[in-house]
Amino acid sequence: MTPDEALRRIAFLLEWRGASPYRVRAFHTAADAVRELPPGPVDASQAGELRGVGPVTAEVIAQASTGEVPRYLARLQAEADPAVRTGWDLAATGTGDCHLHSDWSDGGSPLEVMAEAARALGHQWAVLTDHSPRLTIAHGLSPERLESQLEAVAAVNSRMGPDFRLLTGIECDILDDGSLDQDEDLLGRLDIVVASVHSKLRSEPEPMTARLVAAVRNPHVDVLGHCTGRIITGRGRPQSRFDADAVFAACAEAGTAVEINCRPERRDPPDELLAQAAAASCRFAVDTDAHAPEQLHWQSTGYARAARTGLGADRLITTWPLERLLTSRTGRP
């Protein structure tokens, strides 16, 4: 066992238990930091000098660096219910990620770096979903810039080889009336469209419901992104209010997947809405919403939530082979 593996496994087990997002993220942050360590055994004081590594994660790193199972991980595994194995196995079936950002909008890395990181994780595909024009604070893509990005994605794919494909996409703002913030013809040329609300998140339930229902019924939309818009860390942000029965019924009818957003500060939808969407026979996309390569590792914690809700791989489009993912667009639901 390597320190990276131990730390990621701990993050997964903490997510399974419903631990605070701060604790889950701390272990992912430490796993990112261990890349700076030389190979071989290290002591806790040496590990503790890394940025983002505290006393607990330093001990985990030191113990795992010798190949042993860290005591913290061993305790979590001993306390875990038998079903936790289902979640870990489910995460291993993942084939892709429908939601990631590059430095074309508000991500921190070039799209080719994000693609390489996704392939290194064993993904068969990943969808580049930079923001649409209205989100100016995130440097959203105008139609002209999106056209240019399509060419850039094609160039990256020409160099990636046959085992991985970067799919074209967008995280498109859902406007007040439920329409989408991008040229319709361009949307029709994309492989995957994630539609999300980023404005007027505290609208009254009735207009928010109408807005979401209209969006998920749009034939261009494949995934409803972070449906409540909540933030559960720092100053936080309350979740949007809407008629979940109506929205999830519309998703199920249209074949639009509900996103299980893996960002620790989101965990969106909340557990009760995730269960409600599952009962409504919705499809789901376990997505990282990654803005940096290391954030792609967050996906396993989303699979923990999916498994805890009783979802199997067939309901999760992020476990589907590329051909099934793309052909499902024309045959939904």
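So here's what we get for this one:
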| quantity | calculated |
| --- | --- |
| Segment 273-288 - phi-based ³J(HN,Hα) in whole Hz, Karplus 6.51/-1.76/1.60, Gly and Pro as x | 6, 4, 5, 5, 5, 5, 5, 7, 6, 6, 7, 9, 10, 8, 10, 7 |
| Potential lengthening between D43 and A74 on full extension [0.36 nm per residue; Cα-Cα distance subtracted] | 9.3 nm |
| Spin-label pair A19/T327, simplified geometry with 7 Å Cα→Cβ offset, distance in nm | 4.2 |
| The chain, accessible surface, carbon-and-sulfur percent (1.4 angstrom probe) | 51 |
| Inter-label distance for D245 and S199, nm, one decimal - labels placed 7 Å from Cα along Cα-to-Cβ | 3.2 |
| Charge context of T319, other residues only, Cβ under 14 angstrom, K/R +1, D/E -1 | -2 |
| Local electrostatic count, R237, Cβ distance below 10 Å [Lys/Arg +1, Asp/Glu -1] | +3 |
| DSSP bridge pairs, segment 89-206: antiparallel proportion in percent, nearest 5 | 10 |
| Helix-only [θ]222 nm of the chain, DSSP H runs n ≥ 4, -39500 (n - 2.57) each, per residue, nearest 500 | -13000 deg cm²/dmol |
| Per-peptide average of other Cβ atoms within 10 Å, ordering 278-286, 174-182, 43-51 highest first | 278-286, 174-182, 43-51 |
| Length gained when the stretch D89-T2 is fully extended (0.36 nm per residue, less Cα-Cα span) | 29.4 nm |
| Fraction of antiparallel bridges per DSSP, the chain only, in percent to nearest 5 | 10 |
| 10 Å beta-carbon shell around V153, net charge (K/R +1, D/E -1) | -2 |
| Surface per residue (accessible, 1.4 Å probe) for the chain, Å² | 41 |
| Crossing angle, helix 205-217 versus the chain [Cα axis fit, 0-90 degrees, rounded to tens] | 90 |
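The values are calculated or read from the model by the stated rules, or taken from the named source; none is laboratory data. Values in this document were obtained by computation on a predicted structure and should not be read as measured data. Positions of Cβ are generated from backbone atoms using ideal geometry, with glycine treated the same way; all protein chains shown enter the neighbour counts. With ligands, DNA and RNA removed, areas are computed over all heavy atoms of the protein, side chains included. Shrake-Rupley method; radii C 1.70, N 1.55, O 1.52, S 1.80 Å.
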